[in-house]
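I have placed the structure first, in the form of C-alpha cells, so that the comments after it can refer back to it.
The values are calculated or read from the model by the stated rules, or taken from the named source; none is laboratory data. Predicted model, so just to flag it, every value in this text is computed and none were measured. Don't worry about glycine lacking a Cβ; one is built from the backbone with ideal geometry, like all the others, and counts go over all protein chains shown. All accessible areas refer to the heavy atoms of the entire protein, side chains included, with ligands and DNA or RNA removed. Shrake-Rupley method; radii C 1.70, N 1.55, O 1.52, S 1.80 Å.
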Amino acid sequence: MSQASIEKYDALSDFLKKFYIPSYVLSPEDEAVAVPSTPPESPILVFINSKSGGQLGGELILTYRSLLNDKQVFDLNVETPDKVLQRIYLNLERLKHDALTCKIKEKLKIIVAGGDGTASWLLGVVCDLELSNPPPIATIPLGTGNNLPFAFGWGKKNPGTDKSSAESFLAQVIKAKEMKIDNWHVLMRMKSPKKGSLDSIELPPSLHAFRRASPSDQANMEGYHTFRGGFWNYFSLGMDAQTSYEFHSQRKLHPENFKNQLVNQSRYLKLACKQGWFCASLLHPFSHNIAQLAQVKICDKSGQWNDLHIPQSIRSVVCLNLPSFSGGLNPWGAPNPKKQYDRSLTLPFVDDGLIEIVGFRNAWHGLVLLAPKGHGTRLAQANRIRFEFKKGAAKHAYMRMDGEPWKQPLPLDDETVILEISHHGQVNMLTTENCMSKSMYESSPKVRFSDDGTEDEPLVANCEEEFRKFGAADTFKVPSDV
C-alpha cells in the first residue's frame, strides 16, 4: 500500500473505514501493509455503469472513489466484472492464510449501480463464476424502470451523487439483510439461415446475459444456432417489448435527449400511445396476438409438457420472477384463497422455483395495475415454459429480458424457433426494510394445492444438462463469428 493510500485511510471517518478494502487484497501487485489492522465490518466492491443515468454514473464513480479505496470502485465500461472478480478471488485464494483477507472474503458484499440490464449482467457473472462464498448484491437505481432495485427496497428514483447521498446508501448496505432469489435460464434455438448469415439478424442489444453458445456446447444441434442466457426479474413477449425496443432505439440515436428519468418515463408512455396499444383491437392485426404467434407449453412437476391456453385477446405475455415490472408494478398481485385453491395458484415468492406467467390485452389493461389489487390475466405458474414460434402470422416478434429488448426474426419456412425458460439455482441479494419481494420461508410455509384439493410439495425441478451454465461470464461482446 502506497504512502498516499495510508494517508487517505487515516483521514477517513470511522464509518467509511467499515467498508474500506486495502489494495494488497485487491491486487497482487500491491504490498501487504497492516492498514487496516482490523477487518472492515462490511467490505464492498462497487461496480458502476458510467453511461447509466445520463451523467450520474460518471459522477458516482468520482464520489465513491473519493470515499473509499479507488481500487475497489470499478467502471463497467472500462473493465468487465468477470475479469475483476476472477482477479480478486484468485488473489484472495493466494492470501488465504492471511487472517485479515479471510475475514474480508467472508464479509464481502457487492454494490452495482446502473439500470436493470447492468444489474442482471453482474448477477449473471456472480452466478456463472461459481465463487466460493459468493457475495450478496445491492443495487443503486440508475435506469428508467429500476425494477430490480425497487423489488428489494433500494428505490426506483435515480439517487444523488454527492458524498452525503453515497454515505446514506452505505448506511443502508451495512444494515441490509440477505435474501435468495431464483435464477431463470433462457435457451433459444433457431435454424441457420439458408441465405446470408447471422450478421443479418438483429441480436439482443447487449449479450452479457444472452449470448450465442459455443460450438462445443452440448446444447447445440446441427443446422441450428443456439443461444443461452438468463434473467432474474422478467422475460416479456409482445406489445410492451415493442414499446421498449422503440424507446431503446431512439435513445441510441439521441442519448443526449434521455438524461432525465421523468422525461424518459413520459416518452415511454407517448410511444405506447403512438404505437396504438391503447386501441390495440382496432390498430393491430389479430394475427399478431400471442396465441397466433406461438404455441406455449409449461412443464409440470413430473416433467410432462402441457399446452398452456392463451386467450385470443392477449397481446403481451410476461414471465415474472419478482413483484416489480414496468417501474415497480406487480402484474401477478395476490390471488385470494379461493383462486389459490381452485386454480392451484400461490403468492409470488421469489425463491420457490416457480415463475408467474401473466397476460395483457392492451395498454389500458396494463394501467389496471395502478389500481388497488389490480393485476393482469394470471395464466399459470411453472418451473419451465416453452414458446414455439412457427411460420405464419409475422416476420418477427419483440422480446425483452430484464430491460433489454430485441427484435427476433420468426421462421419464414417450415422450421421452428424455440425459446425455453427453466429454473436455474439461486443468487443472494441484499434487501432493505422496504423490500417488496417475499420469501417462501419468511412467513407460513408455501402451500400449493392439487386439483383434488390436497397439498402438493414445492415445485423445484432439476435442470437438464443444457441448462447448466448461463454463459454470462465468458464474454460480453458479440462473438467474432456472429
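Scan the range 389-406 and tell me whether some residue there is open to solvent by 10 Å² or more (accessible area, probe 1.4 Å), at pLDDT 85 or above and over 24 Å from residue 144 (Cα atoms).
No; the residues of the range 389-406 include none that is open to solvent by 10 Å² or more (accessible area, probe 1.4 Å), at pLDDT 85 or above and over 24 Å from residue 144 (Cα atoms).
Taking the conditions exactly as written (more than 19 Å from residue 168 (Cα to Cα), in contact with a helix residue (DSSP H, G or I) (Cβ under 6 Å, 6 or more places away or on another chain) and part of a helix (DSSP H, G or I)), does residue 8 satisfy them or not?
Numbers: more than 19 Å from residue 168 (Cα to Cα): yes; in contact with a helix residue (DSSP H, G or I) (Cβ under 6 Å, 6 or more places away or on another chain): no; part of a helix (DSSP H, G or I): yes.
No; evaluated as a whole, the condition is false for this residue.
I want to confirm something. Restricting to the range 151-187 and keeping residues that are among the basic types (Lys, Arg) and part of a loop (DSSP other than H, G, I, E, B), which single residue is farthest from residue 426 (Cα to Cα)?
Of all residues in the range 151-187, those among the basic types (Lys, Arg) come to 156-157, 163, 175, 177, 180.
Now restrict to residues that are part of a loop (DSSP other than H, G, I, E, B): 156-157.
On the way: 156: 23, 157: 27 Å.
The qualifying residue farthest from residue 426 (Cα to Cα) is 157.
Using beta carbons and a limit of 6 Å, which pairs, at least six apart or on different chains, have the first residue in the range 228-246 and open to solvent by less than 10 Å² (accessible area, probe 1.4 Å) and the second one in a helix (DSSP H, G or I) and not small (Gly, Ala, Ser)?
So the pair list comes out as 232/123; 233/147; 233/148; 243/271.
Regarding residue 133, is this residue in contact with a Lys or Arg (Cβ under 6 Å, 6 or more places away or on another chain) and either more than 21 Å from residue 42 (Cα to Cα) or open to solvent by 10 Å² or more (accessible area, probe 1.4 Å) (or both)?
Working: in contact with a Lys or Arg (Cβ under 6 Å, 6 or more places away or on another chain): no; either more than 21 Å from residue 42 (Cα to Cα) or open to solvent by 10 Å² or more (accessible area, probe 1.4 Å) (or both): yes.
Against the criterion (in contact with a Lys or Arg (Cβ under 6 Å, 6 or more places away or on another chain) and either more than 21 Å from residue 42 (Cα to Cα) or open to solvent by 10 Å² or more (accessible area, probe 1.4 Å) (or both)), residue 133 does not qualify.
Conditions tested, residue by residue: (1) out of contact with any Leu (no Cβ under 6 Å at 6 or more places or on another chain); (2) closer than 19 Å to residue 354 by Cα.
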{"position": "391", "(1), (2)": "yes, no"}
{"position": "399", "(1), (2)": "no, no"}
{"position": "404", "(1), (2)": "yes, no"}
{"position": "408", "(1), (2)": "yes, no"}
{"position": "416", "(1), (2)": "yes, no"}
{"position": "419", "(1), (2)": "yes, yes"}
{"position": "424", "(1), (2)": "yes, yes"}
{"position": "435", "(1), (2)": "yes, no"}
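Restricting the search to the range 381-411, which residues are at positive phi and part of a strand (DSSP E or B)?
Once the filter is applied, which keeps residues that are at positive phi and part of a strand (DSSP E or B), the range 381-411 yields nothing.
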